[in-house]
Amino acid sequence: MISAAEAMVRCLENEGVKVVFGYPGAAICPFYDKLYESQVHHVLVRHEANAGHAASGYARMTNRPGVCIATSGPGATNLLTAIATAYADSIPLICITGQVSCDQIGCDVFQEVDITGAAEPFVKYSYLVKNEHDIPRVFKEACYLAGTGRKGPVLIDVPMDVQNRMIDFEYPSEIRMRTYKPAFKGNPLQIQRIRDAVNNAERPLLCVGGGIFLSDAVDEIREFAYKAQIPAVSTMMGLSVFPTDHPMYLGMIGMHGLRSANTAMNSCDTIVMIGARVGDRAIRSPSFLAEGKNVIHIDIDPAEIGKNINVDIPLVGDCREILSELCRAEYTNRHEQWLSQIREIKNTISTNEETEGYINPKVFIRKLSDRLPDDVVCVADVGSNQIWTCNNYGFREGGRFLTSGGMGTMGYSIPCAIGAKLASPEKEVVAVCGDGSFQMMMMELATIVQENAAVKIIVMKNKRLGMVRELQTNMYDDRLIATDIGNYPDFVALARAYGIEADRVSTMSEAEEKIEKLASSKSAYLLECNVYKLESTL
Ligand SMILES: Cc1ncc(C[n+]2csc(CCOP(=O)(O)OP(=O)(O)O)c2C)c(N)n1
Ligand SMILES: [Mg+2]
């Protein structure tokens, strides 16, 4: 017999978990005590939300559920933003929280919070484990639920007394869940209809989302685009599915997207939306867009299809599986006229203007991507810094872009980058953030040092909550309030206080030299970039 706490650790080991991210407290101490004896590596973050974001970065690089841990009460509530962030982007997480003892639940005792209740709207599933013998089954199911179908966060809340009880441990080899059977294979008739629609279309367009990464279908989508000669655009979550200069690729669509990509969306006659959920920032007026077009929507989650846009050919299933099927057909229509039209509208929006004493963030991002390796992992935070990165980072073969798309959670980038770096230590991982978002996560510099994680950080310092400042300028008659964050702290001094190498860049003439220093450093590095306060997002 072993304790349920030890069983929780054994469950993770059985699932092949190597790294977990967390922050302890009394209610989760029995579990931590058993982690002491395990080979599973625990990363101590400096705030529980960052445990969730780091687990998200780790999950996105390994394509397996990331694990994060928090104590009851404030630990658990601190984790909520990360759970909601993962839910919005369908990132698989196992979130383990300690809970007060069963006999105290409902008594408002110290650090008691109903976390399964609070997280209910944005978990894929949650468990409050009151019977210690359920632990192995619950963990097995939770990992299966998080990592299959439409992926997402699963919460396991375990009261302290349950953790301390003894059980006979056996990890289940199979799962029996009668009500959960995600579709995998696409309906063959619908697949045939899509083949015909693509072949008969004059101006077909692929719109790819984050589902392509989640189903590991990057090779398949590129093959399909090539075979069927269909150009492609992407949502923010689908960035880096295609290399930026791929001849068939036109960039990111939407409110903050490229004109070329949006023009292609408006001009096509057939849209093949795949692994994308028709979010409002990507497609502002779905009914307007769909008018006169043949709309095909492929998604693992039937609830997404027809939710925001009327669909002519719906298809539920795994993107990779479906794309493999689609690739098996012969496509005779070369769409030559459409492709030449597309080449004409392909452009970039950025200017090369410079403001004295500042860097141009758009040009800077391009220079940064020119210098960093092809298989980079580039994480962007939220705000103007994110859009500068989305539209100007030149992704090449093997490169990967990560950001918080659905929630737009400030403070995501550095913890996500830490998780990504620990998942892929051989890769260069760079986080681009704003001076506002950096201050929501700067405590994680300590985690970087403690884990020796060679993450590169770019802080775009415009002394403003830039994107909101721009909104106030454009929509509120320039009545600027609560968006001036001042010229502090000195980020270079701050990084150095943690023992992290750091530098500052204020003119484009020194940009390449500063980027070179950052790129050639073998350890963590922070580069503060001075950006003009009124620099525009697009
Ligand atoms: C947690 C959170 N709070 C508030 C917002 C709203 N918001 C979106 S962008 C932004 C400004 C971000 O400022 P900064 O990080 O400096 O980036 P910049 O736009 O200046 O590049 C804010 C406040 C958010 N997205 N997330
Ligand atoms: Mg800013």
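Find the all-direction average of the projected area of the Cα convex hull for the chain, expressing the result in square nanometres with one decimal place.
The orientation-averaged projected area of the Cα hull of the chain comes to 25.4 nm².
For chymotrypsin sites (Phe, Trp or Tyr not before Pro), the sites in the range 32-127 that DSSP calls loop and that have at most 13 other Cβ atoms within 10 Å are Tyr36, Phe110. By the count of other C-beta atoms within 10 Å, a proxy for reagent exposure, Val113, Val449, Val233 are ordered fewest to most as Val449, Val113, Val233. Lys427 sits among other residues whose Cβ lies under 9 Å from its own Cβ, and their net charge, with Lys and Arg +1 and Asp and Glu -1, is -1. The value of relative contact order for the chain, using C-alpha pairs under 8 Å at least six residues apart, is 13 percent. Per-residue ellipticity at 222 nm computed for the chain from its helices equals -10500 deg cm²/dmol, with DSSP H segments shorter than 4 residues left out and the rest contributing -39,500 (n - 2.57). With the cut-off at under 19 Å, measuring from each backbone N in the range 379-410 to a point 7 Å along the Cα-to-Cβ line of Ala482 picks out 382-384, 408-410. Only one residue of Gln163, Ser215, Gln104 has its Cα farthest out toward the positive end of the dipole of the chain, where Lys and Arg carry +1 and Asp and Glu -1 on Cβ, and that residue is Ser215. What you get for the range 322-447, charging only the Cβ of Lys and Arg (+1) and of Asp and Glu (-1), is a dipole of about 180 debye around the Cα centre. Taken along the Cα-to-beta-carbon direction at a fixed 7 Å, the label points for Lys533 and Ala493 span 2.0 nm.
Restriction of the GluC sites (Glu not before Pro) in the range 182-233 to DSSP coil positions whose beta-carbon has at most 16 other beta-carbons within 10 angstrom yields Glu202.
With a ≥ b ≥ c the root eigenvalues of the C-alpha gyration tensor of the range 128-202, is it rounded (a/c under 1.5), prolate (a/b larger than b/c) or oblate? Because a/c hits 1.5 or more and a/b exceeds b/c, the range 128-202 counts as prolate. The stretch between Asn187 and Asp245, if pulled fully straight at 0.36 nm per residue, gains 17.5 nm over its current Cα-Cα span.
How large is the translational diffusion coefficient of the range 101-235 in µm² per second when you combine the Kirkwood radius over alpha carbon pairs with Stokes-Einstein at 25 °C and 0.890 mPa s? So the translational diffusion coefficient is about 129 µm²/s.
Beta bridges from DSSP with both residues in the range 384-529: antiparallel share about 5 percent, rounded to the nearest 5. Applying 0.36 nm per residue to the separation of Arg328 and Glu354 and subtracting their alpha-carbon distance, the gain on full extension is 4.4 nm. Rounded, prolate or oblate: which one fits the range 160-311, using the alpha carbon gyration tensor with axes a ≥ b ≥ c (rounded when a/c is under 1.5, else prolate when a/b beats b/c, else oblate)? Prolate, because a/c is 1.5 or more and a/b exceeds b/c.
Projecting the Cα atoms of Gly254, Thr77, Ile94 onto the charge dipole of the chain (Cβ charges, centred on the Cα centre) puts Gly254 farthest toward the positive pole. Using C-alpha pairs below 8 Å separated by at least 6 residues, the relative contact order for the range 389-538 is 24 percent.
Calculated on the Cα set of the range 396-538, radius of gyration then Dmax: 15.6, 48 Å.
The shape of the range 276-323 comes out prolate: with a ≥ b ≥ c from the C-alpha gyration tensor, a/c is at least 1.5 and a/b beats b/c.
Spin-label model, Glu512 to Glu120: label points 7 Å out along the Cα-to-beta-carbon direction sit 6.0 nm apart.
When only Cα pairs below 8 angstrom with a gap of at least 6 residues are kept, the range 416-492 shows a relative contact order of 29 percent. Taking Cα centre as origin and charging only the Cβ of basic (Lys, Arg, +1) and acidic (Asp, Glu, -1) residues, the dipole magnitude of the chain rounds to 800 debye. When Cys416, Cys107 are sorted by how many other C-beta atoms sit within 10 angstrom of their C-beta, beginning with the fewest, the order is Cys107, Cys416. The residue among Ile274, Leu12, Val382 whose Cα reaches farthest toward the positive pole of the charge dipole of the chain, with charges on the beta-carbon of Lys, Arg, Asp and Glu, is Ile274. Which percent of the Cα-Cα distances in the range 335-486 go past 20 Å? Summing the P(r) of the range 335-486 above 20 Å gives 55 percent of all pairs. Counting Cα-Cα pairs of the range 1-114 in 5 Å increments starting at 0 gives whole-percent bin shares of 2, 13, 22, 23, 20, 13, 5, 1, 0.
Label-to-label distance for Arg281 and Asp374 is 3.0 nm, based on points extended 7 Å past Cα in the beta-carbon direction.
No value in this document is a laboratory result; all are computed from the given coordinates. Note that this is a predicted model, so its numbers are computed, not measured. A quick note on method: Cβ atoms are made from the backbone with ideal geometry, for glycine too, and the neighbour counts reach across all protein chains shown.
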